[in-house]
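Presented below is the structure to which this report refers.
The values are calculated or read from the model by the stated rules, or taken from the named source; none is laboratory data. Note that this is a predicted model, so its numbers are computed, not measured. With ideal geometry, Cβ positions are generated from the backbone for all residues, glycine too; neighbour counts draw on all protein chains shown.
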């Protein structure tokens, strides 16, 4: 059965009891989008649901996921897949594409976001969420985390310039601003009031925002008004959802916030939101992830998960093995750092050939391509063969100055495998072992708290453990950044071929 129908039955039975009973679920699969999937926004069209996420310095940008049951999601493409849509000159994980919103109106999908590298808000449109999407239409009103609300042929645009939730009307065909920007709410006093979304229910306009920043104090607050331009009155139970309280202080899920409501076809309400999972203490390295919870309504205000904390629930997990040959190019889950120089990437007889560029730490269009680490338990393996002097291998990448690298190095006729650590201004060679040639198999194994680095120079018949490093060193708390770990292939100076590329993870 589809999840919303199950919940609808539960709510119907509850309504027969004396008084309203909040919806509480502990059996939902969470996170629904694990790993680096922050700032989710959701919309429904018929029986189909779509989620988009922010993507920061990575290209292509803004992944689009599809579902029919709110629990099982498929990546169907990326909104921003052309450099003309997504200029990312020297962007790092502190800038690039911030929070996105997806909405549907009159046969057209709209995705609105901020390119912080450029410093402006823009939107693109499509009739098919899998693409293609239009060229950007740039907007006048500033701030970040923009959102659209459509009603009676009008398009309202809301964002947070100067820390105030601010509203105006625009022409959705051209982006031209039709009314003056008006500050409508400043939140409840928490820092960084952001992520605004407007909904209408039972004659009220509801304004949902996030406050507290995206760390421990993150939470959702809400206000309502009879008129879209206000005045807005805050919910007396704000924040309506946060794990920054005693009931959730020991939970693995923290930093809950930045949510978006959606009403299912059966009438039930849900919220998708970001949060992170701690591993090995108060550290998160997989990034901010996408979660879901039911929403009930009491006395005209939303209640998330019956007022109870949301739990991690993965159900029965299985090993998923993927093999990559790039015969049809890069799939939608492969990411480049900034806009790639495509002349440095080629596919030859099942091998991916990288023509080496600058070091990752320089953050200037490095030769790198990778996939999100979407499971805390994961293996990533590849054969590497260097055709010239230099260095190439696997990077466990959090940010340009926070990554672990396992590489083959060729210099002056000597060959070795090396384990490297870059952390802020410290660049360290952790271990090395000589190789018989400039070819080897490399493997990174994650067990949730440690990364274990292995090398084989006999085609994987035997493996040598080179080094182990703690995942917490790549956490946001230590390395910094707004993203999450991406497992990637990279090359510095060398022309290198990668072959038999595989990943294994629990899903």
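Filter region 305-318 for residues that are over 22 Å from the mean Cα position of the chain (by Cα) and surrounded by 11 or more Cβ atoms within 10 Å (Cβ to Cβ) and give the result.
If the condition is that a residue be over 22 Å from the mean Cα position of the chain (by Cα) and surrounded by 11 or more Cβ atoms within 10 Å (Cβ to Cβ), then 305, 306, 307, 308 are the ones that fit.
Restricting the search to region 436-472, which residues are outside any strand (DSSP E or B) and crowded, with 18+ Cβ neighbours inside 10 Å?
Correct list: 438, 457, 471, 472.
Hey, any hits in region 109-131 for a residue that's free of Cβ contacts under 8 Å to residues at least 24 places away in the same chain, over 26 Å from residue 330 (Cα atoms) and not in a strand (DSSP E or B)?
Yes, region 109-131 has at least one match.
Tell me which of these residue 90 doesn't satisfy, since it passes every other one: (1) closer than 18 Å to residue 289 by Cα; (2) at pLDDT below 95; (3) out of contact with any strand residue (DSSP E or B) (no Cβ under 9 Å at 6 or more places or on another chain).
Here residue 90 clears every test but (1).
Does region 60-77 hold any residues that are outside any loop (DSSP other than H, G, I, E, B) and surrounded by fewer than 24 Cβ atoms within 10 Å (Cβ to Cβ), and which are they? Walk me through it before giving the result.
First pass over region 60-77, keeping only residues outside any loop (DSSP other than H, G, I, E, B): 61-67, 74-77.
Result: 65, 66, 67, 74, 75, 76, 77.
Yes or no, residue by residue, for (1) within 27 Å of residue 424 (Cβ to Cβ); (2) at pLDDT 95 or above:
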| residue | (1), (2) |
| --- | --- |
| 374 | yes, yes |
| 380 | yes, yes |
| 385 | no, yes |
| 390 | yes, yes |
| 394 | yes, yes |
| 400 | yes, yes |
| 407 | yes, yes |
| 412 | no, no |
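I'd like the full set of residues that are surrounded by fewer than 18 Cβ atoms within 10 Å (Cβ to Cβ) and either outside the structural domain of residue 161 (by TED's automatic domain parsing) or farther than 24 Å from residue 259 by Cβ (or both), limited to region 78-107.
Listed by number, the residues that qualify are 81, 82, 83, 84, 87, 89, 90, 106, 107.
Identify, by number, the condition in (1) out of contact with any helix residue (DSSP H, G or I) (no Cβ under 8 Å at 6 or more places or on another chain); (2) within 30 Å of residue 31 (Cα to Cα); (3) in a strand (DSSP E or B) that residue 392 doesn't meet.
(2)
Would you point out which residue out of 280, 257 is touching a helix residue (DSSP H, G or I) at 6+ places or on another chain (Cβ under 6 Å) and either outside the structural domain of residue 500 (by TED's automatic domain parsing) or touching a residue at least 60 places away in the same chain (Cβ under 8 Å) (or both)?
280
List pairs: first residue in region 162-175 and closer than 13 Å to residue 196 by Cβ, second residue at pLDDT below 95 and surrounded by fewer than 22 Cβ atoms within 10 Å (Cβ to Cβ) anywhere in the structure, Cβ distance under 6 angstrom, at least six positions apart or on different chains.
Every condition considered, no pair remains.
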